[in-house]
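Worksheet: one structure, shown below.
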Amino acid sequence: MTVERLYCRPAPPAELLIRGVHVLDPRTGIDAAHDVLVRDGEIAQLGSPGSLELPEGVELVDGAGCHLFPGFVDPHVHLRTPGQEHKEDLGSGTRAAAAGGFVAVVAMPNTAPTVDDASVLGALREAARRDARVPTGFMASVTRGLAGEALTEMAELRAEGALGFTDDGKPVWRAAVLRRALQYQKLCGGVIALHEEDPSLSGAGVMHEGEISARLGLAGIPSISESTLIARDAAIAGYEDGRIHVQHLSAAESVEAVAEAKARGVRITAEVSPHHLILTHEAILESLDTRLKMNPPLRGQRDRKALIEALRDGTIDCIATDHAPHAREEKEVPFEEAPMGTTGLETAFSSVYSELVRPGVLELGLVVERLSGGAPLLDLPTPLIAVGEPADLCLVDLEATWEVGEAGYESRSENCCFAGRTLHGKVLMTVAAGMVAYREPVSSGGQRPVTSSGGRVRR
Ligand SMILES: [Zn+2]
């Protein structure tokens, strides 16, 4: 299956009648109970609850008490293939995505080897057609081997299916290299996504530079290592009239830099991760848990509040997980030595819903919209709940609670910064590109939890 630079293994098209479900799609303005009929993988009919007949051969899903959202799109995941399949691969990573309600994900190119030439990209595309549970797109690197010097063959990579370009994990450190990449972008298209970090400022830092790093005696990464490079790159993008997307914003100063650039008319967009919206560096003081070590680091309360406000006012366009799996033994080392990163696909919606929507900080509709806000930034179709649209859907029980990690993970790795937390909101079913990609596992009674014959589990 192929949808405009997204690749996925084929499956039979969904035939479903989801009855009496609360449909919430902020883009189409639907916020009410409906019957939703999916035929041949497409949304065929919407009707008032109980109004639609069950056609022969169509599965009845009891949606009472549940919400149906347009599926989520993650513009930033690490699937670790090729080269580090002990952490994740296309199958496990996209199963984790489907379990989190995602209907499309975009994989970063900092693999081994780097996705910097057409043959590596071509092999990935074929692997996704075999193994990916949800449509998967691939970014190629801006520079060869992520070395920050020679540009990749951007036009050739675009022709081979690259969605865009990023050296994620590293900044495009030389200004002239970014400038030239933006000049090529005019010819071949594709957004350039930027990991913004000035290595001369971040140095050997392992956490946010502030009072906590001082108390722990750990080397810090200052906020300005991010914000100063954003300001520089926004200036270059503005000069070249190029299009840039800033990855994983973490600091209040970075929000200011993006807002200023947007106000000047620079074509700049930005993403934020659930962990930066929810956690701060204070969590590290309590536990020195290596699952809380990521790049950019968890910062202070002021930063967290600025990120939330920016997500609300649109300065930040979307939520992206930066799902970064690492093997257990790699994380079971002292904090200073552990690799950076947390998994996030399976907890993205539930963590934001539990920690920000239920307490009244963010509106549910806004969060649902931002969880697929990455699609247009990467020129991908935006999931919509409307007749005639492909079924890209996520069925959620907002009242269900679950403990993160208790039942294991779909991801091959378990380095989740929310492990052990009890979260509200459970994805029961995901339909991606018209195919059922995920169902909550069969409960102990042996019945599927969401079909007409079974009660839902863990209510
Ligand atoms: Zn990054």
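The figures follow:
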{"item": "Trypsin sites (Lys or Arg not before Pro) restricted to region 147-222 and DSSP loop, no more than 15 other C-beta within 10 Å", "result": "R174"}
{"item": "Net length gained if the chain between E4 and R144 were fully extended (0.36 nm per residue, minus Cα distance)", "result": "47.9 nm"}
{"item": "Size of charge dipole - region 115-258 - debye, nearest 20, with Cβ of Lys, Arg +1 and Asp, Glu -1, no other charges", "result": "380 debye"}
{"item": "Check: region 304-414 dipole with +1 on Lys, Arg Cβ and -1 on Asp, Glu Cβ, in debye", "result": "300 debye"}
{"item": "Excluding exposed DSSP-loop GluC sites (Glu not before Pro) (at most 13 other C-beta within 10 Å), longest clean stretch of the chain", "result": "150-331"}
{"item": "Dipole-positive endmost among L46, F72, H22 within region 1-76 (Cβ charges, Cα centre)", "result": "F72"}
{"item": "Computed lengthening from A159 to E332, 0.36 nm per intervening residue step minus Cα-Cα distance", "result": "58.1 nm"}
{"item": "Over the chain: helical MRE at 222 nm, DSSP H runs n ≥ 4 each giving -39500 (n - 2.57), nearest 500", "result": "-7500 deg cm²/dmol"}
{"item": "Spin-label proximity, A386 to region 66-101 - amide N less than 16 Å from point 7 Å beyond Cα toward beta carbon", "result": "70-71"}
{"item": "FRET E, pair A175, A123, Förster distance 30 Å, beta-carbon r, rounded to 0.05", "result": "0.35"}
{"item": "Debye, to nearest 20: dipole size of region 185-320, +1 on Lys, Arg Cβ, -1 on Asp, Glu Cβ", "result": "200 debye"}
{"item": "Rg/Rg_ref, region 150-230, where Rg_ref = 2.2 N^0.38 Å and atoms are Cα", "result": "1.39"}
{"item": "Residue-span extension gain [E403 to R232] - 0.36 nm each, minus C-alpha spacing", "result": "57.3 nm"}
{"item": "Pairs of Lys in the chain closer than 29 Å at Cα, counting only those 8 or more apart or on different chains", "result": "17"}
{"item": "Between region 174-219 and region 320-355, the Cα center-to-center distance that results, in Å", "result": "20 Å"}
{"item": "Theoretical FRET efficiency, 1/(1+(r/R0)^6), r = Cβ-Cβ of A33 and Q301, R0 30 Å, to 0.05", "result": "0.20"}
{"item": "Dimensionless Rg ratio for the chain, taking C-alpha atoms and the 2.2 N^0.38 Å reference", "result": "0.94"}
{"item": "Label zone at D379 (point 7 Å along Cα-to-Cβ), backbone N below 20 Å, region 119-136", "result": "119-126, 135-136"}
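Read the figures in this text as sums done on the coordinates, not as results from a lab. Keep in mind the model is a prediction, meaning the values are calculated, not measured. Glycine gets a Cβ as well: all are built from the backbone with ideal geometry, and neighbour counts include every protein chain shown.
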